[in-house]
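S.K.: Submitted below is the structure of interest, expressed as structure tokens.
Here, each number is a calculation from the coordinates, and none is a lab measurement. Small disclaimer: the values here were computed from a predicted structure and weren't measured. Here Cβ is always computed from backbone atoms with ideal geometry, including for glycine, and neighbour counts include all displayed protein chains.
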Amino acid sequence: MLKNAKDLIKTEANAILGLSKKLNSNFLQAVDVILKCKGRVIVAGMGKTGIIGRKISATFSSTGTPSIFMHSAEAVHGDLGQVTKDDVIILISSSGETEETVRLLPLIKRIKARTIAITGNIKSSLAKHSDIVLDVSVEKEGCPLGLAPMASTTATLVMGDALASCLIERRNFKREDFAFYHPGGSLGRKLLLRVSDIMRSGAHYAKVKDSAKVKDVLFAITQARCGSACIVNTKGKFVGIFTDGDLRRHLEMDSNLLSKQVKDVMTENPTVIKAEQLAAEALQVLEGRKIDELPVLDKNGKLVGLLDVQDLLRSGIV
């Protein structure tokens with residue numbers, strides 16, 4: 001069984017490696033046609049190749065090339081209405097003779113959309129009547145029965161990835177663009193989420209005057225359910241922070257700490273973060289400084305909130 005599995009993996013690996021020898025001017029033309037497409041890239045297929053087509057379409061969409069998948073059989077029952085002359089249609093069929101896919105060609109020609117065939121048979125009906133043909137033929141499938149598509153579907157998927165990879169470079173598609181299309185993913189959160197989106201503000205963080213007694217500051221911290229208090233002077237200017245660590249350090253040395261003014265025991269000029277900075281940057285600061293809270297200032301230096309490491313945990317940044 002292990003030998004069988006290893007042989008299958010080698011067969012599929014060889015099929016992928018063999019693709020590089022089949023890349024030619026047709027591939028370059030396909031990339032250019034997709035780049036110039038004013039509509040969408042519509043990927044069509046049936047069965048196993050249809051499933052691969054869905055993945056290729058999804059990859060296009062997530063990397064800056066608007067795309068949808070169209071089931072070949074459903075196309076002739078109304079879904080062909082999705083196609084316009086501004087679209088590029090990628091038709092996938094290993095044999096190039098899949099009836100449901102091939103019969104779309106004359107209909108697509110009437111619409112005047114451009115067609116790209118991804119097929120394992122460059123002499124097939126699909127290849128002969130498509131504008132551009134990409135060869136994904138394989139020497140063998142790897143299936144012990146010689147029936148189930150294995151190497152051919154893998155080769156088709158890789159050809160789709162090769163197109164997507166080139167389009168990413170040609171479009172100068174960046175990590176930030178990818179994050180925009182994946183706001184729910186971890187990368188999206190890291191690249192798009194800003195401090196202002198997750199910081200504590202208003203009654204959700206403790207802000208007290210520097211003349212306040214330490215015991216009152218502790219009450220404010222408890223009420224706000226956070227681990228520190230941001231300190232401002234009589235003019236409302238941010239001047240320091242008082243944390244649990246400050247409390248422990250001073251309490252060991254001064255039994256009268258609770259009756260003192262917080263300005264005498266606070267940490268002056270603490271590390272801060274700007275509201276417009278990325279949450280991922282705040283995480284780097286917290287980890288680098290080995291602290292748990294960051295006072296948040298706006299672009300004018302005014303105190304607007306507090307960011308706690310717990311806020312980053314809840315947002316999924318950590």
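S.K.: By how many nm would the segment from L8 to S62 lengthen if fully extended, with 0.36 nm per residue of separation less the alpha-carbon distance?
M.R.: Extra length from L8 to S62 when fully extended: 16.4 nm.
S.K.: From the Cα gyration tensor of the stretch 195-315, with a ≥ b ≥ c the square roots of its eigenvalues, which class applies: rounded if a/c is under 1.5, or else prolate if a/b is larger than b/c, or else oblate?
M.R.: Judged from the Cα gyration tensor, the stretch 195-315 comes out prolate (a/c at least 1.5, a/b above b/c).
S.K.: I've got another one for you. Among DSSP bridges having both ends in the chain, what percentage is antiparallel? Round to the nearest 5. Show your work: numbers first, answer last.
M.R.: Values: 15 of 40 bridges.
Bridges in the chain are about 40 percent antiparallel.
S.K.: Roughly how many debye, to the nearest 20, is the charge dipole of the stretch 2-173 about its Cα centre, given +1 on each Lys and Arg Cβ, -1 on each Asp and Glu Cβ, and no other charges?
M.R.: On the way: 22 positive and 16 negative charges, 61 e Å.
Result for the stretch 2-173 is approximately 300 debye, rounded to the nearest 20.
S.K.: Under a Cβ-only charge scheme (Lys and Arg +1, Asp and Glu -1), can you give me the dipole magnitude of the stretch 189-228 about the Cα centre, in debye to the nearest 20?
M.R.: It comes to approximately 140 debye.
S.K.: Right, another one. Which of L28, T63, V41 sits farthest toward the positive end of the charge dipole of the stretch 2-173, with +1 on the Cβ of Lys and Arg and -1 on the Cβ of Asp and Glu?
M.R.: L28
S.K.: Take the alpha-carbon centre of the stretch 113-157, take the same for the stretch 57-100, and report the distance between them in whole Å.
M.R.: One Cα centre to the other: 16 Å.
S.K.: Treating the beta-carbon of each Lys and Arg as +1 and of each Asp and Glu as -1, no other charges, what is the dipole magnitude of the chain about its Cα centre, to the nearest 20 debye?
M.R.: Value, rounded to 20: 500 debye.
S.K.: Taking neighbour Cβ counts within 10 Å as the exposure measure, how do H77, H129 sort from fewest upward?
M.R.: Ascending Cβ contact count within 10 Å gives the list H77, H129.
S.K.: Let me ask something else about it. Which whole-Hz couplings ³J(HN,Hα) result when phi for each residue of the stretch 127-140 is put into the Karplus expression 6.51 cos²θ - 1.76 cosθ + 1.60, θ = phi - 60°, listed in order with x for Gly and Pro?
M.R.: Running phi through 6.51 cos²θ - 1.76 cosθ + 1.60 with θ = phi - 60° gives 5, 5, 10, 9, 5, 9, 10, 10, 8, 10, 5, 10, 6, 7 Hz.
S.K.: Name the shape class, rounded, prolate or oblate, that the alpha-carbon gyration tensor gives for the stretch 1-79, where a ≥ b ≥ c are the square roots of its eigenvalues, rounded holds for a/c under 1.5, and otherwise prolate holds if a/b is larger than b/c and oblate otherwise.
M.R.: oblate
S.K.: Given a cut-off of under 8 Å on Cα pairs at least six residues apart, what relative contact order in percent is computed for the chain?
M.R.: Taking the mean separation of contacting Cα pairs over the length of the chain, I get 14 percent.
S.K.: Membrane-span-like helices in the chain: DSSP H runs reaching 24 Å or more (Cα, own axis), mean Kyte hydropathy at least -0.5?
M.R.: Helices meeting the criterion: 2-22, 151-170.
S.K.: Using a cut-off of under 14 Å, list every residue of the stretch 214-249 whose amide N is near the label point 7 Å from the Cα of D292 along the Cα-to-beta-carbon line.
M.R.: 221-222, 225-229, 242-249
S.K.: Related question: Using the count of nearby Cβ atoms within 10 Å as a rough guide to exposure, how do K48, K109, K207 rank from fewest to most?
M.R.: If I rank by nearby Cβ atoms, fewest first, I get K109, K48, K207.
S.K.: Is there a pair in K263/K290; K6/K140; K209/K237 whose C-alpha atoms are over 18 Å apart, and which pairs would that be?
M.R.: K263/K290, as the Cα separations exceed 18 Å there.
S.K.: Report D for the chain in µm² per second (integer): Stokes-Einstein, Kirkwood Rh on Cα pairs, 25 °C, 0.890 mPa s.
M.R.: 102 µm²/s
S.K.: Got a sec? How would D311, D216 order by Cβ neighbour count within 10 Å, fewest to most?
M.R.: Result, fewest neighbours first: D216, D311.
S.K.: Tell me, what are the semi-axes, in whole angstrom and largest first, of the equivalent ellipsoid of the stretch 35-186 as set by the roots of 5 times the Cα gyration tensor eigenvalues? The partial results should precede the final answer.
M.R.: Details: eigenvalues 121, 81, 37 Å².
Over the Cα atoms of the stretch 35-186, the ellipsoid semi-axes are 25, 20, 14 Å.
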